[in-house]
Structures are given as structure tokens and as C-alpha cells.
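The numbers here are math on the coordinates, done by the rules we state, and not lab data. Predicted model only: the values in this text are computed from it and were never measured. Every residue, glycine as well, gets a Cβ built from its backbone with ideal geometry; the counts of neighbours run over all protein chains shown.
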Number of protein chains: 4
Amino acid sequence: MIIVLKPNIKKSEETAVLKEIRKLGYRPHIIRGVERVVIGAVGDERTQHTLETLITWPQVEKVMPVQKRYKLVSREAHPRNSTIRVGDVVIGGRKLVVMAGPCSVESEKQLMQTAKAVKKAGAQILRGGAFKPRTSPYDFQGLGEKGLKLLAKARAETGMPVITELLSEEHVDLVAEYADILQIGTRNAQNFQLLIAAAKTGKPILLKRGMSMRIEEWLLAGEYILANENPNLMFCERGIRTFENYTRNTLDLSAVPIVKEESHLPVVVDPSQGCGRASLVATLCRGAVALGADALLIEVHPNPAEAWSDGAQQVTFDGFAKLMRDLRPFIEAAGRE
Amino acid sequence: MIIVLKPNIKKSEETAVLKEIRKLGYRPHIIRGVERVVIGAVGDERTQHTLETLITWPQVEKVMPVQKRYKLVSREAHPRNSTIRVGDVVIGGRKLVVMAGPCSVESEKQLMQTAKAVKKAGAQILRGGAFKPRTSPYDFQGLGEKGLKLLAKARAETGMPVITELLSEEHVDLVAEYADILQIGTRNAQNFQLLIAAAKTGKPILLKRGMSMRIEEWLLAGEYILANENPNLMFCERGIRTFENYTRNTLDLSAVPIVKEESHLPVVVDPSQGCGRASLVATLCRGAVALGADALLIEVHPNPAEAWSDGAQQVTFDGFAKLMRDLRPFIEAAGRE
Amino acid sequence: MIIVLKPNIKKSEETAVLKEIRKLGYRPHIIRGVERVVIGAVGDERTQHTLETLITWPQVEKVMPVQKRYKLVSREAHPRNSTIRVGDVVIGGRKLVVMAGPCSVESEKQLMQTAKAVKKAGAQILRGGAFKPRTSPYDFQGLGEKGLKLLAKARAETGMPVITELLSEEHVDLVAEYADILQIGTRNAQNFQLLIAAAKTGKPILLKRGMSMRIEEWLLAGEYILANENPNLMFCERGIRTFENYTRNTLDLSAVPIVKEESHLPVVVDPSQGCGRASLVATLCRGAVALGADALLIEVHPNPAEAWSDGAQQVTFDGFAKLMRDLRPFIEAAGRE
Amino acid sequence: MIIVLKPNIKKSEETAVLKEIRKLGYRPHIIRGVERVVIGAVGDERTQHTLETLITWPQVEKVMPVQKRYKLVSREAHPRNSTIRVGDVVIGGRKLVVMAGPCSVESEKQLMQTAKAVKKAGAQILRGGAFKPRTSPYDFQGLGEKGLKLLAKARAETGMPVITELLSEEHVDLVAEYADILQIGTRNAQNFQLLIAAAKTGKPILLKRGMSMRIEEWLLAGEYILANENPNLMFCERGIRTFENYTRNTLDLSAVPIVKEESHLPVVVDPSQGCGRASLVATLCRGAVALGADALLIEVHPNPAEAWSDGAQQVTFDGFAKLMRDLRPFIEAAGRE
């Protein structure tokens, strides 16, 4: 920790700070600067009481941490890329992985048609929401267990592993029984109890970025998974909340290379949520691949205008097939298959 | 719903939109404008399939909802102010209510001292965290049930009702057993399953605004509580996330009159979380009262520099007593007691 | 400056950093921490080459400045409050100052009526835009010089000093000839050439906060005024840009006590721009006063619905008179007149 | 315009709104919905008095514009892509254009070396700042005219056209004399007087996005250029201000396809400003190309650690050469040369 004192304070005020630093288990190291005294407090910031609270003292101007707060997810701790195996699919390897399917599972017909269409176009994993977190209590909340059963059926018919959202600690066993990957949504990205419960299933976890999460906070949320002994974590950028209102969210594609730099874990991009506009999805996929994403999560629906949730961001079967074709040169340019 | 078509589209494209609108249960009403055709679709937006998905159609430029999405929380539905009774304390009435106490319950001594100090200075409700949502898994996570028991003991000794955070569906029964008010934190403000579970306890609920929640979304999260038959809801502004980094969050005091205008429910302000700096708390309390807040939630600690969580924003006993004294003229100016 | 090195770097990489630090004129001071080496570089950050560029070196993890970058505007440099005299009016003293008038000067009748109405209700300074910065080139751009002349006429008739916006270096002499206070708008808050030109007139300057300006940047923009030998500066909070769309901007009332803490200069609040909704203006004024604002800037129009600019945020004559009456107890509570 | 009335208002209140709508030149068209009355007001929103001010009326709940506010920059007005010719270079055509050079012109040696290095690596246009807008008045403000002369010299020696920032109306003639493209920086993106003055030179203009500008506002700022009879405009995304602090700004790459969809004008991306970190620049360039950018603006310096401004975001000569090589497959994937 670095503690900056205010200019022109009394010697006794300085001494009091030094004493408190020692009391909290750090070794202080004084630097007398041009206008201010700076104290380097040597000690492990991750295991000891933080010194940030010293900011309440009137003689203290600033307290700055030195260490990174995340450990297990950091590339420092694990320099090589991690990969996650789900059935025959490897996420984080040379091959770009595409997860596609409807926003919500609505009916057997809708899901089976979609599963077959996305598989044919090249998707390897099937996505579909059975439990849906909705802004309004009056919106469709998902088919629940019935939706999970349909996903399992689609998996049996197509051979594709399935990813679906987990949004309640109460559903952990139920969802883990049917899903191959547990998705934690943006609204639950700092629902730490849910993260811990999900981690304990041992299932691979896709952690979406919270709507207004700084990258450090996102990595720390991921740390909750690894610290609970589940190494199978992937981060998913899905758009952040900004002042822009042309799109539903602002897809922060720069988060892809940043998370790849800071962490060894795979990075997924969800352009559907990211923009909320089907017309932009294909182009954003190209950007995501060029920036190094390991996988894409894309919403596809037989007839988006009649979708029960988030229709505006779902692409049609034809749109998806074209997207996949057009993506090929970018996948190659990125040195992937 | 208002549907705006793109300029210069074909008659058949217009007809297709009209047909879809009717199919989804609305009655279309055409207005031919200077450059564009606008369709007013008459029907209940809250109970019928949304038309927003029409935006995926190439001939559609914009879709705009007309109705407000919240109902039970809205002042339209309930023009008079609602009040909430907790023991002898009434929130939302003429009297300004102050809830104060430590960020985290740390020990019996710390809690009892604080409870007595805040009561003496005029607080009516005791706050204290037993389960703490922390950004890092390595930070102190609260004393858990032991903390709840200490809160109950402090209530017994001081007569003050207690408010404490509920952050897991698994803890609902446990926390509801000890707490008089359940606090839902900013990170769980759209954890809808937790909202539903909390509502079902029948206990009064304080719903903090999510870090990047628009007011409409906040009101809709509140709608989850009332729709689950718990009318005892209060909204708590605690700062939103912006680009400013002088303070931890940007306390959005304008949210107070806005929520009072849109809703009949009481509004609480948490200036401690709002700014993350003890030196600003007293001044922000004055602003909150002037803007019409019904209650304040203030963090107080015997020795903030050694607090186990969020020390930087906790005020000392003396600071709190002075804050309460200095607040008096503003409470009177606001026509309150 | 504090330079944090990455963990596990070679001795030669450390030496290279030390050499560069010395070359750029600082004295390095090494602290060997638990995982990382931290270097305190002693030297004046305001006059010497910044070390922040060291971040491009692969062995450097973080560079953190120690000093505050603003000087003349800071309270450190000038502990007592500054005041600004404009005619008989003193801004920053014990008396709360109200500046009111139409968003745009539209006609002699509109301006004279408004000037008299706001004076009668207690305003001391007349506001009115002659040159208007408008998002669209097709919107009304102000009456220009004709508007300035009308303002001068209103001053002659009412005795109130006038404040009006300066938005072009080309207009500096013209506007300075007519205005008593030059207003720099949010879109020009970092138009440094305009700031310098305005400063050189010697006239008092009201500097609005840029839409997405951090407080540090705002204070530094003010530093441009004082560094150009004009001490008559006041800061004006007018709302920042956030994700919230209920209001046009989010009025950051917490900026009031922060700027008062960091700077000795007066602080003004513009609730009209801040929210863009006339119905909220009166309540926000109360909050601004409670938080310590020295002055208010309020838009008033004889018939807001027919205003040529920003009608939605202008209050009527009756609305303004009521606002002023209702404000009185808060002014007293704040210890002002 | 669409005007939504509040529920349960009196007939006379409705009539008053209809009367005002007619008075302001629109033809009202009533739709009686489930809960609310909606009025479609037919008339040209771009040439007539706005109806948005009706929101001040107590019986009005919402006013929503229907038309887009931009015209000349819109793709609607000009369906085919526009191109801009600067010397032999065409921006907006099949060939991707790279503009590179130092953030600030510092010396003849620094500029000439950089110009040759970037040309060799494939850049077609030389960038370099002579007048620099700096957050602090104590930071290096550019070499001014001397810098412009050096740019002219570098052009003479390398044959590359030059782009440099214009930040003052007073400098328009001077900068236009030396520069081939005038850059308007983020802080001046809504300095409309500067936009008009720049437009009148007839020179091509690169308009950076304001730090917190919505895309609509950016397009409208561009409209100021075209409305002043200069068709040679390109938009440049350079990062927006968000809550994220890992990078200096958040590069909004999704703005590229959005502006291409809404406008016929070329789109440039500045990844150096966008992230403020040299290590991310190359990767962001790939994303920009994949998303359809017509040109890139990249900061290159012989020794970034000693740069006089923004060193942290400038790449070295070797870094730039590698960036250009690595970019090739993405340029091809995007169907460009």
C-alpha cells in the first residue's frame, strides 16, 4: 500500500499514521517528496487488514493499493491459456467455438428446429434459456424445468452440449442435472452466493460481465469460482451500460484482449445481448473474432418478431447461416479454425 | 405501442406490419406523416406480447412503448404516500427516520457501543451487516448467524428495530427470524428470485438501487415485491456508477424527488455507500433531507480506520452526533420532525 | 510519482527503469515489497516530464501520480473562501445569489417581462442566452448581438447585472462589452483557447462542468482561468451524463461539497439544465442550497411550451415565485441570507 | 411527434393540448388507447417549432420525436458510400487507409524519423499535433506554427499528406495553410463555431467523437459541416467515457457499423486514444478493420517513454511495423486492400 500524507502536517500526525500502519501488520517505509510525505507500507495486502481505511484520518490524502487483488484467475499465476472441455468441444483452444440457440426455450418445435438449424450452420453448443431473469414481473419468466427437459432432448437428438442460465441457488441441482455449462447472467454477476453454489457443482461456468462491472471486479467475481475449486470458468463480455442509447448496451470489445492479458481463462463474446439489434450481430461477431475471442454466444430464433423474449436481438436461421459463412475469413485471419 | 416505418417502403411491406400487429392482438391505427408512416397499436402492453420485436423487420425504424411498465408501485395506482410501520417507528410519515450502525457487525463490544451511541444521538433503527457481499472472496464476509444474534441482542438492549442485509435465498428464514427490515443490496437489486423470496417473508424490505439501474428498472424490481403480496417496500438510493472517481459512487440525489413523484412508497438515502467518504456524509444527509427523503441509512463505527469493511465511509460516534445536531434545521425546513 | 514494477523481473530491467527515472530528473527511492518492487520517484510532477509514460515499458505494471495537478484553484493554495463582486452582488459570501431568466433571449417583450418577474421574486442577476450552442444546426441559434443589446437594456431597466454565454473566441470582445459575467457552457468546458480568451477579458467567469468531466478535470479547466490572471472564477454544476434517461442529465449535487472542499472558489448549481424537467427544478434548488451552493442559475420563461429552446426545463413566473418562497427556510437552515 | 397524455385527464385539458399543437403548426391525430390518449402530430419536426416543450404541461406524460434529426450526413439522403480524396489517397474506398505519426510534433528529428518509419511500414497519411489541447495548463501545449512547418517539411520529404488538430477559430487560416486534413478533437466535438469555421475552409475534416457523445449527437455535429457546404467529412471513433478505469477510454467499436449504417461518410478509428495503452493498439486495429473501419489513426513515437504527451499510448517503430504486418490478413478478410 502507498499512503500519501497531506502537505504541512505536524510530525505527531505523521507518527500516528506510522504507528497505525505497524499495528495493522505492515512495515512502513518513508519517502519525503517535494510537497508531500509518501509512505510505502510493505506487507501482503491480500491477507492482511487493508490500509485503505486510513483515508478517514484527516492527515491522509490518498491510499493506493499496489498488489492486484485477483490471484487464481490471473495470468501471473498461470501463464498458459486454460481450456475447458465440454463433451467433445474444447473452449479456449485453437478452434473458435460457437454457442447458438434461442433466447428462451418456448416450445419443443421452436427448440428442435433451432437446434438443427444452428448445428447445420456450424454451431457446436446449444444455448437456450429455461429460467429467464426479466426486468418486469409481468414478462415471460421461462418454461422452467420443462425448458430444461426440452434442452436435454435437443442434446440427445443433435449431440450438442447445452448451456443455460442458472439464476437461483434453489435451482442449482435441477439446472446442473440438465446443463453442460451453467451460465451466470449479468444481473447475478456479483451474486456471490450463487457463484459459490454454481462452482460447487463442478460444471463449467460461463460468467457474464455485470452491466457496470469494472474488469477488476469481473476477474474477482471469477476468483470466487476458482477459489471454490472449480477451474472450469470462462468470462463472457455482453455489453456494458453507458450513456449511448442507440444500442441496448455498449459491447466492450476491448475487454477481450484485456481479459486475455490479465487472465488465462477463455473469453466468450455475446453480441446479441451486447447490442440488442439483430442487424449488428454478424458484424460484431467479426470484431470479436479479430480481437481474440475464444467463443461466441449468439441468439437465433425461427421467427424473431414473435419471440417471447428479446426478439429484437435474435437472428433468423438464414441470418445465422450467412453470419457463419461470412465469419470464416476472419477466423482464419485470427489463426483459428 | 407506436411503430415508425422507414421512409419510402412498399405498400406490401406496410401491410405485412399491420397484419403482424393484428396477429399479436393489437388494433393498428395509421398516421401518415411528412416523411414516415407511424402506426399506433392499441392494446394492453403489459398483458400482451410486446411489439418491440418488430424492430427486427427491415421496414421498421423504431418501436416506442406508450404505457408505463410498473403498476403496483406507481403513484398512479395509489396517489397517497404509503407508510411502513416497524415496531414503533413509521417510515414515510412526517418524522424523518434515521437508521445507523456499523457496516459490518464485528464483535459484541463494537455493536453494543455503536447501538448505544447512535440511539443516544437520535437514531431510531439499528443497521449492521451480518452477511456481507464482498468484491473479493478474500475479504471479510461477515459473522453470519453470530452477527444476527448480536443484532438481536442489541435490539433487546436498546429497543431499536434492526435492519440487515439478505443476500442469499438460502438465508431467508434465518435472516427473517432476526431482522425487522430486510435489506436487498445493490448487487442483488435484480436478483429476482431473492426479491420474491424476501417478499414472501412479509417483512418490510429496503431495496437498494442497483449500481447502474435506471429508475424505471428500479421501480420494476420493486414491482416484484408488491406483486408477491408484500406492500412494505421502501426504495434506497445509494449512489450510481459513473465516470467520476473522486467518490466511490455518485449519489444521485435527484432520484429522491423522481421516485417520490412516480411512486407512493418511502424513499431512503444511504450517503455512506453513496460517496464512500466519511467527510461528505453529513453534508449529503442535509441534501437528502432537503430533497424529500423519508429516511437516512448511515454507517457509524467506533474506530473507522480499523473497521473490517468499508472503513473509509463510516463516521465516528462524535461525527454522528454532530451530524444529527447539524441536520435539525434542515429537517424543520423540510417540514418534518 | 510511484512506479510499480511487475513481479519476477530481471535485475537489469529494474536498473533500466531507475536510470530512466534519473534521466527524467527524479530521484528514485526503492521499496522491496512482498511480491513487487515499488519505486518512489521524488521530484516536482508539475514542472518536470511526467513518468506516466514509463507504463509503455514491459517491466512496469503501474505508474501513480502523487501530487494534485491543480494549484491556483486549490484550497491548499488559498484556504479561505474567495468571493466575486458583480456590481452590488457578491457571489460566494453569506448571501445566496439567484441568477434567473430565459434560456434564450427571444424578444424584447419576453426578456423585459421575465427580468421584471424574476427581480420581483428575488433574483439578483439576470441570465439569458444570446448565442446558443445547439445540438442540431437546424435549431434556433440565438439572436446574437441583438440579444446582447436586449440584455443590456434589461439591465438598464432593472439594475440587475447580466450573465450570458460566450461560445466563440470571435465573440469575446462583443460579449464582454455587454455581459457582466461570461458563462462558458458544458460543451466548451475544455475548449481551452476559449477559456484563455475569456480569462483575458478580466470579467467574472462562470465555468460549467463538462458533461463527462471528472472533478479533477474541471478544476484543471478552472486553473486555465486563474493561470491567465483572472481570479474571478465560479464553478457551475449542471448535470453529468449517465445511463439514466428519466432526466436529461444527472445533476451531481455531491459535486458541490467536493468542489468546496478542494477549491476556494464559489460554486453555482444549474438545476434547469441538470434535470431538463421543470417539475423537478424547485426541489433540486432546495438540495443545492442544503449542500452548500453559493448561487443558483434558474431558467424562467413567460410560457415555457412556446420557448424557442429547452422549454421543458424552464419554469413559469408563478413557478419561480413559489420556488423562491419555498426556498427560504432552506437558505436559513444553511446559515445564509 | 407523438404526444402521450396522462391517464384520466379532463376533456378540456385534452382540447388545450390539441389547440396548442395546431397553433405550433402541426396537424393532430388522436388515438384512444387502453389507458392513455396518444396524439400523433403531423408536420415537419426539422423545420417547425418542436413540440417537446409540451412536456411542461401537467396533462402531458411523454413527447416522442418521430423523425431523425440529421439529414445531409444520413444514408437515407445519400445511399451510396462517400469517399474523400486527399492527394492520391482515397478514404472510404476499397483500400484501408492508415494515418500514423507522433501524438505531438516535438522536433524536426523526431518527426522526420517517424514520418519515414511509418511510411516504410505502409502508412499513407502522416499525423502529428502542433496545437495540443491539454487537461492541465502546465502541460506541453504543442510547438504551434513551428510544428506546422515541420509537418509541411515532412510532407515535402515523404509525399504523405498531413493531418493535424485544429483547436481554435483563431488558428483556422494558419492550420488550413499547412494541413491536408483538419482534425477536430474530442473536447471540441460540440464547439459548433469551430466546426463552422473549419467547414468553410473546404478542407477535409476528421471529426472525433466527443467523450460522451451519443451517436445521434455526433451525426448532428457532422451535419454542421455538411450544412456549411463542406462534404469532405469523416467520423473518427476514439473511445468514450465510461466507468471502466483499466483503459483511459472505452473504445466503442460497435460505433463503426452503426455510423456506417446511419451515414454514407467514412469512419476512422483511433485505437491509441481509445485505450491509452500501447499494448492494446495492434489488437484493437484488427477489431476496427473487421468491423468495417475505412481508416486507422495510430500514434507512433521513436521513444514513447520520453514523449512530451500521451507517451503511454504511442507505439514504437518496430511495434508499428509489426502491427501493419499482422493486420494484413484481417484487411483481406474484410475484403479490402
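Please report, to two decimal places, log10 I(q)/I(0) for region A:137-181 at q = 0.21, 0.25 Å⁻¹ as given by the Debye formula with identical point scatterers on the Cα atoms and no solvent. Listed by q, the Debye log ratios stand at -0.69, -0.91. Counting from the shortest, the label point at C:Glu170, 7 Å from Cα toward Cβ, is 1.6, 6.7, 6.9 nm from the same position in each remaining copy.
If you build a Gaussian network model of chain D, linking Cα atoms that sit under 10 Å apart, which residue out of D:Arg46, D:Arg241, D:Arg214 swings the most? Between D:Arg46, D:Arg241, D:Arg214, it is D:Arg46 that shows the largest mean-square fluctuation. Placing a label point 7 Å from Cα along the Cα-to-Cβ axis, B:Lys116 is separated from the same position in the other copies by 6.7, 7.6, 8.1 nm, shortest listed first. Look at the dipole of region B:84-333 built from charges on Cβ: of B:Ala295, B:Leu226, B:Thr164, the Cα furthest out on the positive end belongs to B:Ala295. For region A:221-314, compute Rg over Rh where Rg is the Cα radius of gyration and Rh is the Kirkwood radius from the inverse mean 1/r over Cα pairs. Answer for region A:221-314: 1.02.
Taking each residue as 0.36 nm, the span from C:Asn303 to C:Glu157 lengthens on full extension beyond its C-alpha to C-alpha distance by 50.4 nm.
Residue exposure proxy: D:Cys285, B:Cys103, ordered by other Cβ atoms within 10 angstrom of their Cβ from fewest to most, comes out as B:Cys103, D:Cys285. For region B:238-294 and region C:93-148, write down the distance between their C-alpha centroids in whole Å. First find each Cα centre; the distance between them is then 31 Å. Spin-label model, D:Lys10 to B:Asn245: label points 7 Å out along the Cα-to-beta-carbon direction sit 5.6 nm apart.
The three principal axes of the Cα atoms in region B:63-118 give end-to-end lengths of 57, 30, 15 Å, sorted in falling order.
Rounded to the nearest whole Hz, the Karplus-based 3J(HN,Hα) values (6.51 cos²θ - 1.76 cosθ + 1.60, θ = phi - 60°) of region A:73-84 follow the sequence 7, 7, 5, 4, 7, 8, x, 8, 4, 8, 10, 10, with x at glycine and proline.
Considering all projection directions equally, how large on average is the shadow of the alpha-carbon convex hull of region A:181-245, in square nanometres?
On the way: hull surface 16.1 nm².
Convex hull of Cα atoms, orientation-averaged projection: 4.0 nm².
When the Gaussian network model of chain D links Cα atoms closer than 10 Å, the mean-square fluctuations of D:Thr50, D:Thr201, D:Thr316 top out at D:Thr50.
For chain D, the longest principal axis of the C-alpha atoms and the axis of helix D:278-290 are separated by about 60°.
How far is helix D:11-23 tilted, in degrees, relative to the longest principal axis of the Cα atoms in chain D, given as a value from 0 to 90 rounded to the nearest 10? Relative to chain D, helix D:11-23 is tipped by roughly 50 degrees.
The distance linking region D:157-208 with region A:301-337 is 40 Å (Cα centroid to Cα centroid, whole angstrom).
Each Lys and Arg adds +1 at its Cβ and each Asp and Glu adds -1 at its Cβ; summed about the Cα centre, region A:84-333 shows a dipole of about 640 debye.
Percent relative contact order of region A:2-64, based on C-alpha pairs within less than 8 angstrom and at least six residues apart? Don't jump to the answer; show the numbers that get you there.
Values: 87 pairs, mean separation 28.4, N = 63.
With pairs under 8 Å counted, the relative contact order is 45 percent.
Nearest-to-axis residue in chain C, judged by Cβ distance to the rotation axis that brings C onto D and given in whole Å, is C:Ser212, 2.
Sequentially through region B:96-113, phi angles give Karplus couplings (6.51, -1.76, 1.60; θ = phi - 60°) of 6, 9, 10, 10, 9, x, x, 4, 10, 6, 10, 6, 4, 4, 4, 6, 5, 4 Hz, Gly and Pro residues having no value and appearing as x.
Determine the calculated [θ] at 222 nm for the protein assembly as shown from helices alone, applying -39500 (n - 2.57) to every DSSP H run no shorter than 4 residues and normalising by the residue count; nearest 500 deg cm²/dmol. Before the final figure, lay out each step's value.
Values: 40 runs with 452 residues, N = 1348.
That comes out to -10000 deg cm²/dmol.
From the Kirkwood radius over Cα pairs of region C:72-199, Stokes-Einstein at 37 °C and 0.692 mPa s returns a whole-number translational diffusion coefficient of 211 µm²/s.
Between copies, the label points at D:Lys200 (set 7 angstrom from Cα along Cα-to-Cβ) are spaced 1.9, 7.1, 7.3 nm, reported in nanometres from shortest to longest.
The alpha-carbon of D:Lys203 sits under 16 angstrom from the alpha-carbons of these aspartates and glutamates, leaving out residues fewer than 8 places away in its chain: D:Asp88, D:Glu165, D:Glu169, D:Asp173, D:Glu177, D:Asp180, D:Glu223, D:Glu229.
3J(HN,Hα) along region D:208-219, derived from phi through the Karplus expression 6.51 cos²θ - 1.76 cosθ + 1.60 where θ = phi - 60°, amounts to 6, 6, x, 4, 9, 8, 6, 4, 4, 5, 5, 4 Hz, with x in place of Gly and Pro. Springs between Cα atoms under 10 Å define the GNM used for chain B, and in it the highest mean-square fluctuation of B:Gln183, B:Gln273, B:Gln48 occurs at B:Gln48.
Fully extending the segment from D:Lys116 to D:Arg80, taken as 0.36 nm per residue of separation minus the present Cα-Cα distance, adds 9.4 nm.
Dividing the Cα radius of gyration of the protein assembly as shown by its Kirkwood radius returns 0.94 for Rg/Rh. Sorted largest first, the principal axis extents computed over the alpha-carbon atoms of chain D equal 77, 43, 38 Å.
Mean sequence separation of contacting Cα pairs (under 8 Å, at least six apart), scaled by the length of region C:139-290, corresponds to a relative contact order of 15 percent. Exposure proxy for D:Ser107, B:Ser272, A:Ser74, B:Ser168: other Cβ atoms within 10 Å of each Cβ, ordered fewest to most, give D:Ser107, A:Ser74, B:Ser168, B:Ser272. Listed from fewest to most Cβ neighbours within 10 Å, the set A:Trp57, D:Trp218 follows the order A:Trp57, D:Trp218.
The lysines whose alpha-carbon is closer than 26 Å to the alpha-carbon of B:Lys109, local same-chain residues fewer than 8 away aside, are A:Lys19, A:Lys23, B:Lys119, B:Lys120, B:Lys132, B:Lys146, B:Lys149, B:Lys153, B:Lys322. Percent of Cα pairs in region A:1-145 per distance bin of 10 Å, from zero to the largest separation: 10, 23, 15, 12, 15, 17, 8, 1. Under 5 Å between amide hydrogens, built in the peptide plane, is the criterion, and for D:Val315 it picks out D:Glu299, D:Val300, D:His301 among residues at least 5 positions away or on other chains.
Checking a compactness column here: for region B:2-64, what do you get for Rg(Cα) / (2.2 N^0.38 Å), N being the number of residues?
Details: Rg = 10.8 Å, N = 63, 2.2 N^0.38 = 10.6 Å.
For region B:2-64, the normalised Cα radius of gyration is 1.01.
Dipole check for the protein assembly as shown: with +1 at the C-beta of Lys and Arg, -1 at the C-beta of Asp and Glu, and the Cα centre as origin, the magnitude is about 0 Debye.
The angle separating the long axis of helix A:317-333 from the principal Cα axis of greatest extent in chain A is about 50 degrees.
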